[in-house]
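What follows is calculated from the coordinates using simple rules that are stated; it is not laboratory data. Every value quoted in this text rests on a predicted model; they were computed, and no experiment measured them. Here the Cβ is made from the backbone with ideal geometry for all residues, glycine too, and neighbour counts use every protein chain on show.
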Amino acid sequence: DVKVTQSSRYLVKRTGEKVFLECVQDMDHENMFWYRQDPGLGLRLIYFSYDVKMKEKGDIPEGYSVSREKKERFSLILESASTNQTSMYLCASISYRGRGMPKNEQFFGPGTRLTVL
Amino acid sequence: KNQVEQSPQSLIILEGKNCTLQCNYTVSPFSNLRWYKQDTGRGPVSLTIMTFSENTKSNGRYTATLDADTKQSSLHITASQLSDSASYICVVIGYSTLTFGKGTMLLVSP
């Protein structure tokens, strides 16, 4: 039973291209996240969204933007891809109940391995 | 600043042996702690979820412990198998915060 899906497993783009990474979750979660994962650096938060049309910068938002037009979909956009954005990109979602207590397990998508040439 | 430190950074063990991975954190307030397994090229998959009132939780050959006083957690793998080769990530969740460790890379050798 698929919970979080990402549009592509592997993606190769050229420097300067505009890149869209799509993430869809079917659990009605309010909160969605985009991370990138690099060797030795672990998972780093790029952007997150706690509601439709709401977005917050994470730790490394530079060079990225996001879009959350529908609750189930959270898109990561690279306006002009650069070689240092070559990475594994992971989407995740979670739902919280009162006082910030997580209601559901955070689910990760399968990841998108992006290579920028 | 919220931090999660994992050790060792990498580990090689023989098939059939046991091992223990460590996770120390300084996240406050604390909600729950999770261990994830991530196979190469795949997204992380949850192994265990523990709240502050739980000391130990098992999932098959995986057993996680939590000491909320010392802010330490461990993941014990029993009778390791080749398929256990993966990265193991500790995640500590506060109130609307998520803090990740950098993971321990485990290689199980035949």
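Values for this structure:
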quantity	calculated
Contact order normalised by residue count of the range A:12-89, Cα under 8 Å, 6+ apart, percent	38 percent
J(HN,Hα) series, the range B:5-15, from Karplus relation 6.51 cos²θ - 1.76 cosθ + 1.60, nearest Hz, glycine and proline x	10, 10, 8, x, 5, 8, 7, 10, 9, 7, 3
Chain B: relative contact order as a whole-number percent, Cα under 8 Å and 6+ apart	38 percent
Two-site FRET efficiency, residue A:30 against residue B:68, from Cβ-Cβ distance with R₀ of 22 Å, rounded to 0.05	0.25
Square roots of 5 times each gyration tensor eigenvalue, C-alpha, the protein assembly as shown, largest first, Å	29, 22, 15
Inter-probe distance in nm under a simple model that places probes 7 Å from Cα toward Cβ, at residue B:40 and residue B:1	3.2 nm
Label-point separation, residue B:14 to residue A:15 (7 Å along Cα→Cβ), nm	5.0 nm
Alpha-carbon Debye profile of the range B:44-109, log10 I(q)/I(0) at 0.21, 0.22, 0.25, 0.28 Å⁻¹	-0.97, -1.05, -1.28, -1.46
Those lysines that a straight Cα-Cα span of less than 28 Å connects to residue B:17, excepting residues fewer than 8 apart in one chain	B:37, B:57, B:71, B:102
Rounded, prolate or oblate (a/c below 1.5 giving rounded, otherwise prolate when a/b exceeds b/c) for the range A:47-91 by Cα gyration tensor	prolate
Karplus (6.51, -1.76, 1.60) ³J(HN,Hα), θ = phi - 60°, over the range B:65-77, in Hz, Gly and Pro reported as x	10, 9, 10, 5, 6, 8, 6, 10, 9, 9, 10, 9, 10
